[in-house]
1. Could you state the principal axis extents of the C-alpha atoms in the chain, from the largest down, to the nearest angstrom?
2. Based on Cα coordinates alone, diagonalise the gyration tensor for the range 223-342, multiply each eigenvalue by 5, take square roots, and list the semi-axes in whole Å, largest first.
3. Calculate how steeply helix 172-182 sits against the longest principal axis of the alpha-carbon atoms of the chain, using the helix alpha-carbon long axis, and give the answer as 0 to 90 degrees to the nearest 10.
4. Just the Cα atoms of the range 288-348: what Rg and Dmax do they give in Å?
5. Residues of the range 1-41 with the amide nitrogen closer than 14 Å to a label point 7 Å from the Cα of Asp101, along Cα-to-Cβ, please.
6. Out of every Cα-Cα pair in the range 122-302, what percent are more than 21 Å apart?
7. At a threshold of 8 angstrom on Cα-Cα distance, excluding pairs fewer than six apart, so keeping six or more, what relative contact order does the range 122-302 reach in percent?
8. When we measure straight from the Cα of Lys157, which aspartates and glutamates land under 17 angstrom away, once same-chain ones fewer than 8 places off are left out?
Amino acid sequence: MSTPSDKALVPFVSVDNMMRLVHHIGVEDVLRDLAAYIEADFHRWELFDKTPRVASHSDVGVIELMPTSDGEAYGFKYVNGHPKNTSEGLQTVTAFGLLADVYTGYPVLLTEMTILTALRTAATSAMVAKHLAPKGSTTMAMIGNGAQSEFQSLAMKAICGVDTIRLYDKDRAATEKCAANLAGTGLKTVICTSPEQAIEGAHILTTCTADKQNATILSDNMVGAGVHINAIGGDCPGKTELASGILERSDVFVEFPPQTRVEGEIQQMSEDFKITEFWKVLTGQTPGRTSERQITLFDSVGFAIEDFSALRYVRDKVKDTPYHYDLDLLADPDDPRDLFGMLTRAKT
């Protein structure tokens with residue numbers, strides 16, 4: 001067999017190498033870096049191709065493709081969401097992604113994105129909270145203590161200065177897992193026995209539950225003035241976490257309206273319900289938080305541009321490091337017109 005040419009090889013970041021890369025840089029530094037990359041891409045939002053994710057729904061979950069391009073690079077993520085997986089000892093969410101050069105169409109990076117998605121989701125939440133949460137926010141309620149909870153907590157610490165996390169999950173074991181994982185990180189954790197207890201004194205309320213249903217994790221009378229709600233659990237049709245009355249009293253910020261109206265908390269509301277695209281806050285086209293008593297709500301469903309930012313970050317960070325290996329992914333015949341000849345000559 002012939003040795004693959006350089007053009008045939010694509011850098012591949014495995015789960016093991018992603019974990020090594022994150023530990024080499026430091027989790028909180030990675031979260032800060034990702035937030036900076038995501039914010040930079042939100043500033044050039046209008047350059048990107050934008051389309052709602054392509055979703056294939058089943059009775060047990062959803063499989064999605066999330067593509068975008070800035071005209072120079074193209075990226076996509078494959079991701080699933082299967083809430084029933086936890087009971088079978090499997091991850092609710094798994095993902096991988098690819099970045100390609102638009103000029104040649106050749107992939108330039110293939111990477112795991114299960115860990116990377118958790119990191120970029122948390123980085124996005126904290127990046128938005130940095131601009132919308134009340135000044136001096138130090139306490140967050142984390143309602144839903146599954147796989148995303150530690151990442152969200154550390155991102156709020158690293159980017160927003162949060163120092164206390166009030167934890168609640170209907171599964172006490174999940175809460176104890178989260179508290180144990182956050183021990184030694186510099187965060188104070190408070191284990192709570194109800195959502196009501198968790199939000200006491202919290203400036204930021206994060207909801208992140210897995211059940212695919214229209215649930216009421218926060219009822220209208222639970223939410224007072226002057227808080228920021230980071231609603232990240234609603235991410236597909238038929239799945240919400242907040243009472244509609246909360247949305248009616250909040251200024252709601254979203255990523256990409258055509259996707260959020262189908263998948264987010266605002267799927268409960270009419271098509272003319274007022275929302276603000278968050279990129280416009282960053283570019284100064286519209287205000288964010290305007291008063292101390294205002295309720296701001298980030299109706300986050302995750303959008304392809306955030307994954308594109310994460311792919312750019314990993315491409316930049318793994319270059320000239322041992323945290324990837326080259327995958328023989330692309331056929332590269334000596335004569336581009338003679339692919340069959342390449343196949344024939346390999347029969348030895």
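Read-outs throughout are calculated quantities, based only on the coordinates presented, and are distinct from any laboratory measurement. Since this is a predicted model, take the numbers as computed values, not measurements. Cβ atoms come from the backbone with ideal geometry, glycine included; neighbour counts cover every protein chain shown.
1. 72, 43, 39
2. The three semi-axes for the range 223-342 are 43, 18, 13 Å.
3. Roughly 70 degrees, rounded to the nearest 10.
4. Answer for the range 288-348, Rg first and Dmax second: 23.5, 74 Å.
5. Only 6-11 pass the distance filter.
6. 43
7. Once normalised by length, the contact order is 22 percent.
8. Cα-Cα hits under 17 Å: Glu28, Asp29, Asp33.
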